[in-house]
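The values are calculated or read from the model by the stated rules, or taken from the named source; none is laboratory data. Note that the structure is predicted; figures quoted are calculated from it, not measured. Note that we place each Cβ from the backbone using ideal geometry, even for glycine, and neighbour counts take in every protein chain shown. We work out accessible area using only protein heavy atoms, side chains counted, and drop any ligands, DNA or RNA first. Shrake-Rupley method; radii C 1.70, N 1.55, O 1.52, S 1.80 Å.
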Amino acid sequence: MSAHAMSMHAPRSHAASAASADPYNLKPGEHSTGTTIMAIPFDGGVVMGADSRTSTGTYIAVRVADKITQVHDRIWICRSGSAADTQALTDYLRHYLGQLSVETGRAPTVKTAAHLMRRMIYENKDNLMAGVIVGGWDAVDGGSVYNIPLGGSLVKMPFAIGGSGSTYVYGLVDHKFKEGMSKDEAKALVEKTVAHAMARDGSSGGIIRTVVITEDGCDKQFIPGDQLPFGP
Amino acid sequence: VSPAPPPPPPPARSVMSAGSGYDLSSSTFSPDGRIFQVEYASKAVENGGTALGLKCRDGVVLAVEKPVLNKMLLPTSNRRIHSVDEAHGLAVTGFVADARQIVNRARDEAIGYEETYGTKIPPSVLSDRLAAYVHYFTLHGALRPFGATALVASYDDETKEHSLHMVEPSGMSHRYFACAAGKGRQPAKTELEKLTLNNREDPAQNISVREGVKQLARIVHALHDEAKDKPFELEMSWLCEESGWKHKGVPRDVINESVEWAKKDIEEAEEEDEDSDEEMEG
C-alpha cells in the first residue's frame, strides 16, 4: 500500500516536484480531484465513499462534486486525479460495459469492469493522471473492490483507499478494518475515515458522499459538511 | 509429322446444372434466393469423417471418425479435436486445412477476450464470434467459404453450465443437445435422437458422460461401412467433472472399454435381427 502512496506523490518525470504543492503535475487550469476515495466490500455488496472537493491549485472549483460515478447497474467507480481524465475514462467504460452486456446477455462482473479500466489506463499511462477504485456487486463474486492506481496496475483488495487524502488515514483504516464487517459497520467506517482525511488534507473537503451497492439496488447518500463525523 | 489433333471439346455439363451460372461466386444470389457456393461448401463438409457431439447431463462429449489416409501415418497425428483454451474444445470435419484456420481464430478470440475483459470467453460469445468469422467468407467475391464445420464443447465458469454449439460453413451457429456433421450425419442424427437428452420432468434420466462416450463409440462404429470406407481411428474428448471441467481427451482405457462394449452391442443387435428374420421366415 505504501507503494501506491509513493506513485501518487512522485510523478514519473520530475522527482523534484514530488515535494511541491501540486502532486499531480496537472496542466494549467486543469481540475484535480485531489481527493479522498474509499471502498469496502461486505457480505452482499460494497460501500463506496468519497469527499466532494474539486480544486484548481488553491481554488476550490466545485465544493459538492460527485466523484462516485455509475458505469453499470451494479458497478460504480471512485475517481481521483485529473477530473477530465477520469470522466473520459468512465464514459468509455460505461460504453464498453453496455456493449458487452448486450453481446453476452448477462450483467458484466466487477472483475471485467476493472480489467477494462486497467487496460485503458495502462495503455495510455503517459497521457493520463487517473487513480480509480472500481467497486460493485455481481452474481459471481458478490461484492468486490479493485484498486487501480496511477500506473495502471490492478489489485483486488479487501478494502481500498485512494487519492491524496488517503495517505493521512492509512493508520486509521489499518486499526479499524476487520474482515466480515456488516453493511452498517462498513458504511460507518467509510464515513469516519473520509471525514478524518478531509480534516487533514487540503485537497479533500466538502461533503461525504456514499453509495451502498447490493444485489437489490444502489443507495446513494451524503453527509452535509456541518454534520461530519469528525472535523473539519 | 502432322500436328497433334485438336483437343477434344470440354464435356457438356453432365452433373445436374443446379447452379446454371448463379453458382460461380459466393456474392451471387440465385433467382430462387440461394447462394450456391455456400451450399457447395456444406457438401464439402459431407465428404469428411463423421463428427459427433453430445451434451450429457454432466458434461459434453465430442467424437470424430478420423479416416486413416495412409498406413505410414503416425496414429495420433492429424488431430481432429483441438482445445481452444481449457474451457473449450473444437471437433472439426470437412477440409481439415480450412478447419485449422477456424481453430486458430477461436484461440485468438479466446485469448483476446480474456486479456480485455479478465474472464474466460463465454460459450455463446465464442460460437457467435466464430460464426461471424465463417460468415464473412460467404460474402466476398475474392474469398471462398470454409469447407469445414466445427463442433464446440464449452464450459462457462460464471454460470457453471456446459454447452454444445455447432458452426457451419454458412455462418449459422446453434446450441445443441446433440449434433452430427460429415459423412454419416443422417443416420447418426437418427441414432442420437433415440438417446434421452432432454427429459425435463426427471433430468436425472438424461444420459451421463460415461454412457455418452459409449454411445458415441457405438454410433461411429455402427455407421462405419467396413467395405466402402477406409479404416479409421476414433478420436474422443470430453468436458466434465471427471476432467475437472477442462477439455481433455477421453483417457485411452475408457475409449478402449467403450469400443469393446460398442462392438459387442452391435454384434448382439445384428444377431437379434437375424433371429427375428428367421422367425419371420418360419
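Just to be sure before I move on: is residue A:58 more than 17 Å from residue A:147 (Cα to Cα) and more than 14 Å from every other protein chain (Cβ to nearest Cβ) in the structure I sent? Answer is yes for this residue. Residues that are within 16 Å of residue B:86 (Cβ to Cβ) and either hydroxyl-bearing (Ser, Thr, Tyr) or open to solvent by less than 30 Å² (accessible area, probe 1.4 Å) (or both) within region B:101-111 comprise B:103, B:106, B:109, B:110, listed in sequence order. Within region B:33-42, not a single residue is β-branched (Val, Ile, Thr) and either within 14 Å of another protein chain (Cβ to nearest Cβ) or closer than 26 Å to residue B:229 by Cβ (or both). Can you tell me which residues in region B:20-62 are within 20 Å of residue B:166 (Cα to Cα), open to solvent by 60 Å² or more (accessible area, probe 1.4 Å) and in a loop (DSSP other than H, G, I, E, B)? Once the filter is applied, which keeps residues that are within 20 Å of residue B:166 (Cα to Cα), open to solvent by 60 Å² or more (accessible area, probe 1.4 Å) and in a loop (DSSP other than H, G, I, E, B), region B:20-62 yields B:47, B:57.
Considered as a group, the residues in region A:210-227 that are in contact with a strand residue (DSSP E or B) (Cβ under 6 Å, 6 or more places away or on another chain) and more than 23 Å from residue A:142 (Cβ to Cβ) include one that is least open to solvent (accessible area, probe 1.4 Å), and that residue is A:223. Would you call residue A:145 buried (at least 24 other Cβ atoms within 10 Å of the Cβ) and within 14 Å of chain B (Cβ to nearest Cβ)? Spelling it out, it is not the case that residue A:145 is buried (at least 24 other Cβ atoms within 10 Å of the Cβ) and within 14 Å of chain B (Cβ to nearest Cβ).
All conditions but one from (1) under 20 Å from the mean Cα position of the chain (by Cα); (2) among the small types (Gly, Ala, Ser); (3) part of a helix (DSSP H, G or I) apply to residue B:237; the one that does not is (3).
Let me confirm something: among B:229, B:253, which residue is out of contact with any helix residue (DSSP H, G or I) (no Cβ under 7 Å at 6 or more places or on another chain), acidic (Asp, Glu) and free of Cβ contacts under 8 Å to residues at least 60 places away in the same chain? Exactly one residue qualifies, and that residue is B:253.
Going residue by residue through region A:75-85, is there one that turns out to be in a loop (DSSP other than H, G, I, E, B), open to solvent by less than 30 Å² (accessible area, probe 1.4 Å), away from every other protein chain (no Cβ under 14 Å) and not hydrophobic (A, V, I, L, M, F, W, C)? Taking every residue of region A:75-85 in turn, none turns out to be in a loop (DSSP other than H, G, I, E, B), open to solvent by less than 30 Å² (accessible area, probe 1.4 Å), away from every other protein chain (no Cβ under 14 Å) and not hydrophobic (A, V, I, L, M, F, W, C). Among the residues making up region B:63-88, those that are open to solvent by 20 Å² or more (accessible area, probe 1.4 Å) and in contact with a helix residue (DSSP H, G or I) (Cβ under 8 Å, 6 or more places away or on another chain) are B:78, B:80, B:82, B:85.
Restricting region A:119-136 to residues that are open to solvent by 10 Å² or more (accessible area, probe 1.4 Å) and among the aliphatic types (A, V, I, L, M), the residue that is nearest to the other protein chains (Cβ to nearest Cβ) is A:120. Among the residues of region B:91-144, the ones that are within 13 Å of another protein chain (Cβ to nearest Cβ), under 23 Å from residue A:111 (Cβ atoms) and in a helix (DSSP H, G or I) come to 14 in all. Specify the residue that is most open to solvent (accessible area, probe 1.4 Å); the eligible residues are those in region A:61-74 that are farther than 17 Å from residue A:112 by Cα and basic (Lys, Arg). It comes out as A:63.
For region B:178-198, a tally of residues being closer than 18 Å to residue B:44 by Cβ and open to solvent by 30 Å² or more (accessible area, probe 1.4 Å) returns 3. Quickly run through region B:157-177 and pick out the residues that are open to solvent by less than 10 Å² (accessible area, probe 1.4 Å) and either within 14 Å of another protein chain (Cβ to nearest Cβ) or of a type in the set (Phe, Trp, Tyr) (or both). Once the filter is applied, which keeps residues that are open to solvent by less than 10 Å² (accessible area, probe 1.4 Å) and either within 14 Å of another protein chain (Cβ to nearest Cβ) or of a type in the set (Phe, Trp, Tyr) (or both), region B:157-177 yields only B:163.
Could you go through region A:216-223 and let me know if any residue there is touching a Ser or Thr at 6+ places or on another chain (Cβ under 6 Å), of a type in the set (S, T, N, Q) and free of Cβ contacts under 8 Å to residues at least 40 places away in the same chain. Within region A:216-223, one or more residues are touching a Ser or Thr at 6+ places or on another chain (Cβ under 6 Å), of a type in the set (S, T, N, Q) and free of Cβ contacts under 8 Å to residues at least 40 places away in the same chain. Please specify each residue of region A:86-118 satisfying the condition of being more than 9 Å from chain B (Cβ to nearest Cβ), surrounded by fewer than 24 Cβ atoms within 10 Å (Cβ to Cβ) and either free of Cβ contacts under 8 Å to residues at least 12 places away in the same chain or closer than 19 Å to residue A:209 by Cα (or both). Within region A:86-118, A:87, A:88, A:90, A:91, A:95, A:99, A:102 meet the criteria. The set of residues from region B:235-263 being surrounded by fewer than 15 Cβ atoms within 10 Å (Cβ to Cβ) and closer than 15 Å to residue B:220 by Cβ comprises B:256, B:260, B:263. Output the number of residues of region B:148-168 satisfying the condition of being under 12 Å from the mean Cα position of the chain (by Cα) and outside any strand (DSSP E or B). Adding up the residues that qualify gives 1. If you go through region B:181-225 and pick out every residue that is in a loop (DSSP other than H, G, I, E, B) and hydrophobic (A, V, I, L, M, F, W, C), you end up with 3.
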